Structure formats: C-alpha cells, structure tokens
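The values are calculated or read from the model by the stated rules, or taken from the named source; none is laboratory data. Keep in mind that this is a model prediction, so the values were computed, not measured. Every residue, glycine as well, gets a Cβ built from its backbone with ideal geometry; the counts of neighbours run over all protein chains shown. What goes into the accessible areas is simple: the full protein's heavy atoms, side chains included, and nothing from ligands, DNA or RNA. Shrake-Rupley method; radii C 1.70, N 1.55, O 1.52, S 1.80 Å.
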Amino acid sequence: MSGGVDPARVFSPTDHGRTWTVADSPVAGGGSAGIFSVSFRDARRGVVVGGDFAAPTGAVDNAAWTADGGRTWTTSTSNPSGYRSGSAWVPRTARTVLAVGPSGSDVSTDGGRTWSTFDTGSFDSVECTHDGACWASGDQGRVAVLTR
C-alpha cells in the first residue's frame, strides 16, 4: 500500500513476492493521508482503511473493498467515521470486519461495503484470534477485547 499519492495504491504479489502488481484505490491520498491498514479475509475478499491522520474525524474516501484479490477496489457506500489505522476480519464470520482509529471503531457486516460506528474510544490497532475474540490497543496502554 502507499500513501502520499492520490489516489492511494495497493501493491500485491502474484508469485510469493517475486513480482508485484499495483492497483489504484479509491482511498484519498496526500501528505498525511492514504491507506493505513489492509486486511484480507481470504485470497479474494479484502478491505483497506485509512484517511488523513491530520484530520482524524474526516470520513471521506477512507475505505474500500475488493472481491478479486486486490486487482480492483470499490469505494465503501458508507465510510468509517474517521481516520482508521487498523482493521481485522472477525473469525467464523463470512463478512464481518472491524476498523479502529483515534476517533472510534467501526464494524462492517457486509465485507466493507458499509460501516457503522460502535465505539468512540481511541485505538490504534486491532487483531482477532481464532476463537473469535478481537483485541484492540491504543494510546496510554488502552486495551479492549470484543467477544461474541
């Protein structure tokens, strides 16, 4: 992935990293803007989230999804509620993905096509475990767990 250019781009390996392809995304790029997290559910389904960390509540062109392994990216119909720095797919779900950032956390239950805010606390990263628990961490040692 790349920021600093508009639009932000996603680089993908086609042969285990020996050669790469690049695809433009609909995520806005700039000096402090672009894609900050890429997360794939499987070889075909993925999301990118980001935005502008200098404007953390800006929610324009900050998420996109793919269903073809990253060759093409589609703008989310509704975006996360601000700059997002982390994303993770929820295990044992077909289309649920989380995004976190300094102005809150969002969930998509349709593979990144639409997003809804579920928390306004600040987190920087999120990871989900195989048992379905998702852990987020943030500034000043903030940690949270989301369980099903």
Does the stretch 67-81 contain at least one residue that is free of Cβ contacts under 8 Å to residues at least 60 places away in the same chain, in a strand (DSSP E or B) and open to solvent by less than 50 Å² (accessible area, probe 1.4 Å)? no
Identify, from the list Trp89, Trp115, the residue that is open to solvent by less than 50 Å² (accessible area, probe 1.4 Å), of a type in the set (A, V, I, L, M, F, W, C) and in contact with a Phe, Trp or Tyr (Cβ under 9 Å, 6 or more places away or on another chain). Trp89
Taking the stretch 8-33, which residues are touching a strand residue (DSSP E or B) at 6+ places or on another chain (Cβ under 7 Å), at pLDDT 85 or above and not β-branched (Val, Ile, Thr)? Ala8, Arg9, Phe11, Trp20, Ala23, Asp24, Ser25, Pro26, Gly29, Gly30, Ser32, Ala33
Among residues of the stretch 118-134 being more than 19 Å from Thr57 (Cα to Cα) and touching a Leu at 6+ places or on another chain (Cβ under 8 Å), the residue surrounded by the fewest Cβ atoms within 10 Å (Cβ to Cβ) is Ala133
Can you report the number of residues in the stretch 28-44 which are out of contact with any Ser or Thr (no Cβ under 7 Å at 6 or more places or on another chain) and under 24 Å from Val90 (Cα atoms)? 6
